[in-house]
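See below for the structure under consideration.
We did not get these values from a lab; they are worked out from the coordinates using the rules stated. Just so it is clear, the structure is predicted and the values come from calculations on it, not from any experiment. Don't worry about glycine lacking a Cβ; one is built from the backbone with ideal geometry, like all the others, and counts go over all protein chains shown.
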Amino acid sequence: MKRTGIFFLYLIGERLNDFPEELEGILNRDNVYFYEAFYELKPTPEELLLQVHSPRMIEGVKQTPYYETALYSTGGTVQAGESIWRGEIDNAFVFTGTGDHHAGRDYFGGGCHFNGAALAIASLREKFGARRFAILDTDSHHGDGTRDIFKDDRDVLHICLCSQNYDNGTNVDIAIPYHVTDEEYLARLETEFTPRIAEFKPEIIFWEFGYDATSGDYGSKGLSPDCHPRIASIVKRAADDVCRGRMVAILCGGSRRDIARYCIPRIINCLAE
Ligand SMILES: [Zn+2]
Ligand SMILES: [Zn+2]
């Protein structure tokens, strides 16, 4: 059994209207810890933002209505990483109101404002001397912002399942065709992700969990909702094998409320097993 942190904020949009109620039965377990924005969950401090994003970009986000949401969304990921390093929890699920993966060093867009995985990595390096990290992106779209931040960083393995193929060792894209089956997708993940993680040996895995590739959502590749908890178990097993189970699932793209309601409790159950 793992100790699992759930990082949660209100202000998070229609797709998550069933939460935290849908976590009934999960939240009262002894091995599940709930961190709520404005209480246990703190916003990302500006000094940390400046380690990842340009002053101009941060100013731009301040002009949007999403600034506070972005501070708490990324704050959850930063705090998840720190809590794992301090040994308080083993893994985490982070609810977000704005995503990470289209937010680069000097730009933002596509529903992403600040890059939480990048901020967490900056924090773990500075506070704990952590060195090697992996980011898996199973959102339907290319994680251009994350790639922009880490393209020259050989201590960060970025594996992105999207619509193109690329591989220079630490920047890896895997093209997923339309109308893929769950079995084909998961087989691809097993052959492309698992061995790379075993070889790279990250100290933690960040998983950008977007569900927009689910059939009927805006980035559909034809996946069923069941595919996502199965991805979670593959990531969890890889984390168990190489980094003592350290992983953080970060909510990324996806719009359908019914898919969120179906997938998220199952993913958290998998993490907490
Ligand atoms: Zn997407
Ligand atoms: Zn990609």
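Got a sec? Charge dipole of the chain, +1 on Cβ for Lys and Arg, -1 for Asp and Glu; which of PHE200, ILE250, LEU189 is way out at the positive end?
Value: PHE200.
Treating only the Cβ of Lys, Arg, Asp and Glu as charged (+1, +1, -1, -1), what charge dipole size does the stretch 4-272 show about its Cα centre? Round to the nearest 20 debye.
Numbers: 27 positive and 41 negative charges, 81 e Å.
Dipole of the stretch 4-272, to the nearest 20 debye: 380 debye.
Which three semi-axes in whole Å describe the equivalent ellipsoid of the stretch 4-272, each the square root of 5 times a Cα gyration tensor eigenvalue, listed largest first? Let's see the in-between values first.
Details: eigenvalues 107, 93, 77 Å².
The equivalent ellipsoid of the stretch 4-272 has semi-axes of 23, 22, 20 Å.
Report the full-extension gain for the segment TYR166 to ARG257: residue separation times 0.36 nm, less the Cα-Cα distance, to one decimal in nm. Walk me through the numbers before you get to the answer.
Numbers: separation 91, 0.36 × 91 = 32.76 nm, distance 3.26 nm.
That pair, TYR166 and ARG257, stretches by 29.5 nm at full extension.
Which far-off residues, 5 or more places away or on another chain, put their amide H under 5 Å from the one on ASP18, with H placed in the peptide plane?
Excluding prolines and chain starts, which carry no amide H, there are no hits.
Among 240-250, 68-78, what's the highest-first ranking by average C-beta atoms within 10 angstrom per residue? Please report the intermediate quantities before stating the final value.
Details: 240-250: 21.6, 68-78: 26.4.
Final packing ranking: 68-78, 240-250.
Using amide H atoms built 1.01 Å from N in the peptide plane, name the residues 5+ places from CYS160, or on other chains, whose amide H lies under 5 Å from its own.
The answer is ASP137, VAL172, ASP173, ILE174.
Quick one: dipole size for the stretch 218-273, taken about the Cα centre, charges +1 on Lys/Arg Cβ and -1 on Asp/Glu Cβ, in debye to the nearest 20. Don't skip to the end; give the middle numbers.
Numbers: 10 positive and 5 negative charges, 25 e Å.
Here the size comes out at about 120 debye.
Which one, ILE26, PHE7, LEU50, is farthest towards the positive end of the dipole of the stretch 4-272 when Lys and Arg carry +1 and Asp and Glu -1 on their Cβ?
Positive-end residue among those listed: LEU50.
Could you order the peptides 91-100, 139-148 from most to least packed, using the average number of other C-beta atoms within 10 Å per residue?
Values: 91-100: 27.8, 139-148: 22.6.
Taking the mean over residues of other Cβ atoms within 10 Å, the ranking is 91-100, 139-148.
In the stretch 4-272, how many lysine pairs have Cα atoms under 21 Å apart, counting only pairs 8 or more places apart or on different chains?
Pairs that pass both the separation and distance tests number 5.
Roughly how many nanometres apart are two label points built 7 Å out from the Cα toward the Cβ at GLU184 and LEU11?
Computed distance between label sites GLU184 and LEU11 equals 4.2 nm.
Which loop chymotrypsin sites (Phe, Trp or Tyr not before Pro) in the stretch 17-47, with loop taken from DSSP, have no more than 12 other Cβ atoms within 10 angstrom of their Cβ? Each step should come with its number before you reach the end.
On the way: sites: TYR33, PHE34, TYR35, PHE38, TYR39; in loops: PHE38, TYR39.
Loop-located and lightly packed - PHE38, TYR39.
What is the extension gain from ASP153 to SER215, computed as 0.36 nm multiplied by their sequence separation minus the C-alpha to C-alpha distance, in nm to one decimal?
Working: separation 62, 0.36 × 62 = 22.32 nm, distance 3.42 nm.
Length gained, ASP153 through SER215: 18.9 nm.
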